[in-house]
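Working notes, beginning with the structure itself.
The values are calculated or read from the model by the stated rules, or taken from the named source; none is laboratory data. Note that the coordinates shown come from a computational prediction; the quantities given were computed from them, not determined experimentally. All Cβ positions, even for glycine, are placed from backbone atoms using ideal geometry, and neighbour counts span all protein chains on display. Ligands, DNA and RNA are excluded from the accessible area calculation, which covers all protein heavy atoms including side chains. Shrake-Rupley method; radii C 1.70, N 1.55, O 1.52, S 1.80 Å.
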Amino acid sequence: MATTAAAAAATLSATAATAKTSRKHHLRHHFLPARRGAAAAPVICSAVSPATPLSPAPPATPLRPWGSSDPRKGADILVEALERCGVSDVFAYPGGASMEIHQALTRSPVITNHLFRHEQGEAFAASGYARASGRVGVCVATSGPGATNLVSALADALLDSVPMVAITGQVPRRMIGTDAFQETPIVEVTRSITKHNYLVLDVDDIPRVIQEAFFLASSGRPGPVLVDIPKDIQQQMAVPVWDTPMNLPGYIARLPKPPASELLEQVLRLVGESRRPILYVGGGCSASGDELRRFVELTGIPVTTTLMGLGNFSSDDPLSLRMLGMHGTVYANYAVDKADLLLAFGVRFDDRVTGKIEAFANRAKIVHIDIDPAEIGKNKQPHVSICADVKLALQGLNALLEDSIAQKSSDFSAWHNELEKQKREFPLGYKTFGEEIPPQYAIQVLDELTKGEAIIATGVGQHQMWAAQYYTYKRPRQWLSSAGLGAMGFGLPAAAGAAVANPGVTVVDIDGDGSFLMNIQELALIRIENLPVKVMVLNNQHLGMVVQWEDRFYKANRAHTYLGNPECESEIYPDFVTIARGFNIPAVRVTKRSDVRAAIKKMLETSGPYLLDIIVPHQEHVLPMIPSGGAFRDMILDGDGRTVY
């Protein structure tokens, strides 16, 4: 579909809207032009839900003495607009082009700013906040390098469908395009990695633009929206008009409708005809955990989840097959390979799940339900497709099932028995070598001591996969990880954002030494705010996942994957314990398996932040493993870096 940049510019008045590419991969970014003469109905934004009314005007304070009809700076209008969208927390780092916004934030009686020490850290924190709460995460950065430091987190949020609003300062309007100090065209830079973005060129547009930004971020398939505001707009005096309706008629018209009952009935007919059905559940089900659980109760269909779907169906349920894909369980991948019906709910058939796409579920009829029309048929052609909110689809399916509950339901007991046999024959497991600490064992102990109730964040690499495999996820929004982008450095700031969103809840960052070092500066924030974030570093002194591939496919030739000190390989480098203590955070290192349980127990019992540096062997591999582009029959079940291939 061609992008209509001219129509979008007309619709958005003086606000410069992004013009999206025409590739199918970016269909989810496109906004259809308004029908001629059609007016958009007012739709209210919120940081909590698109349907929640705007919050009332905040009370006057000594620092904010103006009345409703008095002029105030554009930056104050921006902050009031955030308050009216239900925002209570922002993640902002100041700079020259965003100083006015920070000054306005100090005048807010409602919003707390959490001062992370790097813009990438603050943006990953906003992502962690959104993932752990379902509310829109808000980050603020200055122009130039401050804005470009948000790029990885915006790309991550787009791929993982995370609702975020990023606000950036920009050089004054008269200086745009002159290569001014700290000027970058951040709207152009982020065009393909945001759901939508704005350059605000009129102070009067701020209330509408912020309302639209929150609605876009949280409606349909969630994603990041960027709002770029020049400094002179922030300083300009104006009287805000708060009841200006949103002007997104094309986008609103294209939002998916409730699923048609005849399509839902067709799905249930396929269920009734099947003998080996499987539910393949992704991140799109994060808001529909109750409905999914009820659907499984009514049908008895086994469930496997993607990396993004962990927790959407409890992994300790008898019908759970845990995660599928490249490092999924044998029995989950077996089930998909042998299934005659694949119910794909809130997923996108990612390459790390499917492997060789032609061989994936090639015996099954496929039902694909997703809110994003661009994902339907993009990678795998379904037999039945429903473009709708998965929550509404599951509610409709459950209602139909409950109406016919008296009728004889399908009997999948033979299928259940077959999968139980696979679970017994191919459980997740690992080897032990004396007092060396298997990383899987450390995660199992953490799971046991927290009773599977902690919020878990991770970096990216081997530790991420072990955390997915060996921790028990019982509820949606319990697992936070950079799945699509695979951004190292995600774990610590995301854990801090989750702790802000869930006061008093224990949050554990299971990290690798490589990922942890990328945003280690955020130890400052968790100490200053005394957040209950526990950092458990599985430290193997290597870039573990790349080492695993070197072992398997490159004859163990080390190509810059050793992260320690080559001049003294016997010492642990860098010394995370000493670094943590420099931030005034208690920290301990463990090198023996027999000490792990007591060390994790102490970590969990210590109030506030804590760092536990667990030294693990770099020879350990994440198994099972389906090589990239491989199929179920290519699965690797044994071996490690101690083996010569």
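Give G504, G484, G514 a once-over and let me know the one that is touching a Gly at 6+ places or on another chain (Cβ under 7 Å) and not charged (D, E, K, R).
On the way: G504 fails: touching a Gly at 6+ places or on another chain (Cβ under 7 Å); G484 fails: touching a Gly at 6+ places or on another chain (Cβ under 7 Å).
None of the other options fit; the residue is G514.
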- Item | The one condition in (1) within 21 Å of K431 (Cα to Cα); (2) surrounded by 15 or more Cβ atoms within 10 Å (Cβ to Cβ) that L604 fails to fulfil | (1)
- Query: Mind checking whether some residue in the range 286-301 is free of Cβ contacts under 8 Å to residues at least 12 places away in the same chain, on the phi < 0 side of the Ramachandran plot and either open to solvent by less than 10 Å² (accessible area, probe 1.4 Å) or not assigned by the TED database to the domain that holds K474 (or both)?
  - Reply: yes
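Restricting to the range 430-444, name every residue that is in a loop (DSSP other than H, G, I, E, B) and not aliphatic (A, V, I, L, M).
If the condition is that a residue be in a loop (DSSP other than H, G, I, E, B) and not aliphatic (A, V, I, L, M), then Y430, K431, T432, F433, G434, E435, E436, P438 are the ones that fit.
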- Note on the structure: Flagged in the range 90-111 as under 27 Å from the mean Cα position of the chain (by Cα), of a type in the set (A, V, I, L, M, F, W, C) and either crowded, with 24+ Cβ neighbours inside 10 Å or more than 11 Å from A75 (Cα to Cα) (or both), in numbering order, are V90, F91, A92, I101, V110, I111
- Message: Please determine whether any residue of the range 527-536 is assigned to a helix (DSSP H, G or I) and open to solvent by less than 10 Å² (accessible area, probe 1.4 Å).
- Response: no
- Query: Just one of P609, P617 is in the same structural domain as G514 (by the TED database) and in contact with a Phe, Trp or Tyr (Cβ under 8 Å, 6 or more places away or on another chain); which is it?
  - Reply: P617
- Filter pass, I520 being among the β-branched types (V, I, T), over 30 Å from G639 (Cβ atoms) and either open to solvent by 40 Å² or more (accessible area, probe 1.4 Å) or without any contact (Cβ under 8 Å) to a residue 24 or more places away in the chain (or both): no
- Screening R208, R221, R191 for residues that are among the charged types (D, E, K, R), open to solvent by 10 Å² or more (accessible area, probe 1.4 Å), under 27 Å from R477 (Cβ atoms) and modelled with pLDDT of 95 or more leaves only R221
- Single condition T178 does not satisfy, out of (1) buried (at least 24 other Cβ atoms within 10 Å of the Cβ); (2) assigned to a loop (DSSP other than H, G, I, E, B): (1)
- Message: Please determine whether any residue of the range 408-416 is within 20 Å of L324 (Cβ to Cβ), of a type outside the set (D, E, K, R) and surrounded by fewer than 19 Cβ atoms within 10 Å (Cβ to Cβ).
- Response: yes
- Task: Within the range 568-587, work out how many residues are open to solvent by 10 Å² or more (accessible area, probe 1.4 Å) and touching a helix residue (DSSP H, G or I) at 6+ places or on another chain (Cβ under 6 Å).
- Result: 2
- Task: Could you tell me whether the range 379-386 includes any residue that is modelled with pLDDT of 95 or more and β-branched (V, I, T)?
- Result: yes
- Query: Hey, among the residues in the range 606-639 that are under 28 Å from the mean Cα position of the chain (by Cα) and among the charged types (D, E, K, R), which one's nearest to A454 (Cα to Cα)?
  - Reply: D613
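Can we say L279 is surrounded by 23 or more Cβ atoms within 10 Å (Cβ to Cβ), in contact (Cβ under 8 Å) with a residue 60 or more places away in the chain and within 24 Å of the chain's Cα centre (by Cα)? Lay out the reasoning, then the answer.
Details: surrounded by 23 or more Cβ atoms within 10 Å (Cβ to Cβ): yes; in contact (Cβ under 8 Å) with a residue 60 or more places away in the chain: yes; within 24 Å of the chain's Cα centre (by Cα): yes.
Judged against the criteria, L279 is a match.
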- Query: Only one of (1) open to solvent by 10 Å² or more (accessible area, probe 1.4 Å); (2) modelled with pLDDT of 95 or more; (3) among the β-branched types (V, I, T) fails for T244. Which number is that?
  - Reply: (2)
- Qualifying positions in the range 327-381 - open to solvent by 20 Å² or more (accessible area, probe 1.4 Å), closer than 14 Å to L307 by Cα and in a loop (DSSP other than H, G, I, E, B): R348, D350
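Conditions tested, residue by residue: (1) open to solvent by 10 Å² or more (accessible area, probe 1.4 Å); (2) assigned to a loop (DSSP other than H, G, I, E, B).
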site: A399; (1), (2): yes, no
site: R424; (1), (2): yes, no
site: L428; (1), (2): yes, yes
site: L446; (1), (2): no, no
site: L449; (1), (2): yes, no
site: A468; (1), (2): no, no
site: T472; (1), (2): yes, yes
site: R475; (1), (2): yes, yes
- Task: Determine if the range 306-326 includes at least one residue that is closer than 22 Å to R221 by Cα, assigned to a strand (DSSP E or B) and either in contact with a strand residue (DSSP E or B) (Cβ under 8 Å, 6 or more places away or on another chain) or open to solvent by less than 20 Å² (accessible area, probe 1.4 Å) (or both).
- Result: no
- Could you tell me which of the residues L270, L319, L310 is outside the structural domain of L158 (by the TED database) and within 16 Å of V367 (Cβ to Cβ)? L270
